[in-house]
Every structure is written in structure tokens, then in C-alpha cells.
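The values are calculated or read from the model by the stated rules, or taken from the named source; none is laboratory data. None of the values given here were measured: they were computed from a predicted structure. Backbone-built Cβ (ideal geometry, glycine too); neighbour counts: all protein chains shown. The accessibility values were calculated without ligands, DNA or RNA, using every heavy atom of the protein model including side chains. Shrake-Rupley method; radii C 1.70, N 1.55, O 1.52, S 1.80 Å.
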Amino acid sequence: MKLNRELENDQASYVTPIYTIDCALGSNPFGSPEISPDLMLEILDEINEYYSFSNLAQLSHLVGKYLGVNSDDLTFTTGSLGGLELIFNKLIDHQQRTMIGIGPQFVEGVSEFQLVGGKYQALNMFEFNCDNDLFGALENTILREKPTLVYIDNPNNPTGRIYDKEHLLSLCHVCEEAGSLLIIDEAYGEFLTDDQSMVKECQHYSYLMVLRTFSKGLGLAGLRLGYIVSSPELTPYLQAAVTIFTPSLPALKIACHVLPNAADFVANNQAKTTTFKRAMMDVLHTYSFNIVPTSEQTPILLVHKQGVDMAEMLRQLGILSCSGQHFKITNPTMDTEYARLRIVGGDRDLHQLSLRLKNSMQAHRCTR
């Protein structure tokens, strides 16, 4: 074919063919629930006010109904991280700050604990062949060390792994025996089934607290609204410790507006999450990325490739991720060969992610 060979060279363009695909933050890739335009004016109304107890009571009632828990055992905070800070700074004895977890796990929860003088240790999940061995070792460590707190994020961040509930229930008994408060961080709890969640178990275990947030599965990260579900024994202490006028009145109004239809929104997101996660995992496997054991229900996963700075490689392709090195304080084996990815939220980005990885692999083979 008589083609113009100059077209094989790079051509200058004012428009780059690569736009950024954000897989870094754990916010909801499918957006937020629909909010009635009429609510906008209502949100601005009384903007000069804090809130009244009736506002908070309405939120408690709706969250209790949404989860099927006792509304009296809810404490509202500024996101789930605000709940952790409340526990670390106010709930526990300042002279007794020790915590055990399973790493890698949510870094900010650990770093905040260390900043207030807490001593943290974690079992390395990669060293165990199965959950039976992992949780058996964890329980033995708790009974031996008797920490103030045991911190488990379920689903796990960064792997997106869901722990079997039987292990968490056994952990409740062990923590009670050791005198350790158990925190189950369900920031990604909207991606659990009712049977997998621990929120309803707070009525039965006096040492248990479960963290939830509106930021992830409910798609309302900008509200900075979270809450703690706790045992009746712990709730009075948490509610006494919470900062006055938390949360804000606009956050209360928006949350109360979306909660009546939240179950349908979440169910729709759960179906889309499984579809896109399976598709992303297929793409990643096609191009020889290793995926740390994860659940198809959750919107995050941890990828690994030996000898490759994963986050940097993806960044060069216009794909944002969270470097595995970010999680190093929760697991020393985490390094730049790992990256946490959040799933994409549409077919366009899924196609582009696949195309960019394909072109990158082909270019790599041509330079070898």
C-alpha cells in the first residue's frame, strides 16, 4: 500500500488522547442518590442555625429503620474516621492505648491512633494460608496481649476482602474475655449483605462497636457524615464524648432525604459493583497482574506485579491509584509493587483502561 509514512511518527495535537481515569479514591464510582431540587432551598433555610434534637432524632430513626438496629444505640460523627478519632481521643483511658489489627488495613485509622500516642501491632494477612489460621493467631495474640482495642476493617481496605462472619463472632467472645473493645469498621458496609454485617450484633456483645459512613456505598462523601452502632453498655459513653453539634444541619437534612430510598440505591450499586469488578479483574488478569484475594462484592482491590512501581506505571497511563507504600505502617511488606484500585463506574472508562494496558504491554514488548 502506498501510504504516507510520515503519519507513523508522532503528530502534535492540542488535545491529548489520554484523560485521567480516577481509581484512587474510595468514593462511589456510580455517583450519589437523586436529591429533589425542592430540597436545595430547604437546605439553605436555617443555614444560620445548628440543629435541634428533633433533627437528630429523625436521622436516628431513619438510620435505625434502614439498618434494622436500635436507633438509641447510634452516635453520629464526621465520617467513619471521625468515629475512630472519637474512640481514640475520648472513649478509652489515655493511659491504656494499645491496638491490634490485621494488616494491611485502613491507614488513617492507624496513623490517627499513633498520633495520640497509641501503640499498634498487626498480623500480616499474607503470612497465613487461610482465614482459620489468621483468626486463630489473632485470637491467641489478643488473649496474650490483652490490648485496649482490636481494629478490623470489614470489608478490608485495601484488598476489598470480606471476612467470614463466624470469625468475627468468635472474635467478639475473645475480646470480651480479654477485656478488649472490638471495632469493626464497615466503611464499605453497603457492599455487605445483611448476613455479613455486624451492626445487629451490637445488641448481643457489650464490647462491640461498628463504624458506618454515608461516604462510600451511599455516595455522599461530601456530607462528612458517619456513625457508630454500639452496644447499650457503650452507647452512653460515646454519646457523652461526641462533639456538640455534630453533624451539621445541612448534612442531617440531606441524609434524612435520601434514607427512605437508600435500600434501592444501594441494591442497584451492588449489582453494578459486581459487574464492573469482575470485568476489571478479567482485564487485569489478561495483562498478567496479580490480584490479592478479594470479594467481587466490593469496589476496591489490591494489585501486584513484581519489579514494577505499580502506581507510577498506572499514572503514566493516566490511571490514578493508591500506592501500596501508603499502607506500609499497617504491613511492612507493602511497597510500590502494590497498588489499590477502585473500580471504574462506566463502560467508557473500562474500555479505556483495557486499551491503555494493552498498548502499554505491546510497547513494553517492542522495547525488549
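Averaging over all projection directions, the Cα-based convex hull of segment 1-135 occupies 19.9 nm² in the image plane. The mean of 1/r over all pairs of different alpha-carbon atoms in segment 189-255, once inverted, gives a Kirkwood hydrodynamic radius of 13.2 Å.
As an exercise, use a Förster radius of 45 Å and the Cβ-Cβ distance of Asn140 and Arg278 to find the FRET efficiency, rounded to the nearest 0.05. Calculated transfer efficiency: 0.80.
At q = 0.09, 0.13 Å⁻¹ the log10 of I(q)/I(0) for segment 80-204 amounts to -0.22, -0.48, computed by Debye summation with a single uniform scatterer per C-alpha, solvent ignored.
When you restrict to C-alpha pairs under 8 Å that are six or more residues apart and normalise by the size of segment 135-180, the relative contact order lands at 55 percent.
Rounded to whole Å, the principal axis extents of the Cα atoms in segment 264-368 read 49, 35, 20, largest first. Using bins of 5 Å that start at zero, the share of Cα-Cα pairs per bin across segment 169-318 amounts to 2, 8, 13, 15, 15, 15, 13, 10, 6, 3, 0, in whole %. Relative contact order of segment 81-120: 51 percent, from C-alpha pairs under 8 Å at least 6 residues apart in sequence.
Expressed in units of 2.2 N^0.38 Å, where N is the residue count, the Cα radius of gyration of the chain is 1.08. Across the chain, C-alpha contacts under 8 Å between residues 6 or more apart give a mean separation that, scaled by the residue count, equals a relative contact order of 24 percent. Evaluated at q = 0.13, 0.16, 0.22, 0.27 Å⁻¹, a Debye calculation over the C-alpha positions of segment 295-353 (equal weights, vacuum) places log10 I(q)/I(0) at -0.35, -0.52, -0.90, -1.14. Counting heavy atoms of the protein chains alone, Lys90 has an accessible area of about 110 Å² for a 1.4 Å probe. Modelled label positions at Asp335 and Asn261, each set 7 Å beyond Cα in the direction of Cβ, lie 5.0 nm from each other.
Local charge sum around Pro155 (other residues, Cβ-Cβ under 15 Å, Lys/Arg +1, Asp/Glu -1)? Write down the numbers at each step before the final one.
Numbers: positive: Arg161, Lys165, Arg212, Lys216, Lys277, Arg340, Arg342; negative: Asp131, Asp153, Asp164, Asp185, Glu186, Glu190, Asp194, Asp195, Glu296.
Summing Lys and Arg as +1 and Asp and Glu as -1 gives -2.
Given Lys90/Lys216; Lys90/Lys119; Lys65/Lys200; Lys119/Lys165, which pairs have Cα atoms separated by over 19 Å? Too far apart for the 19 Å limit: Lys90/Lys216; Lys119/Lys165.
Considering only Cα atoms, the convex hull volume of segment 173-220 works out to 70 Å³ per residue.
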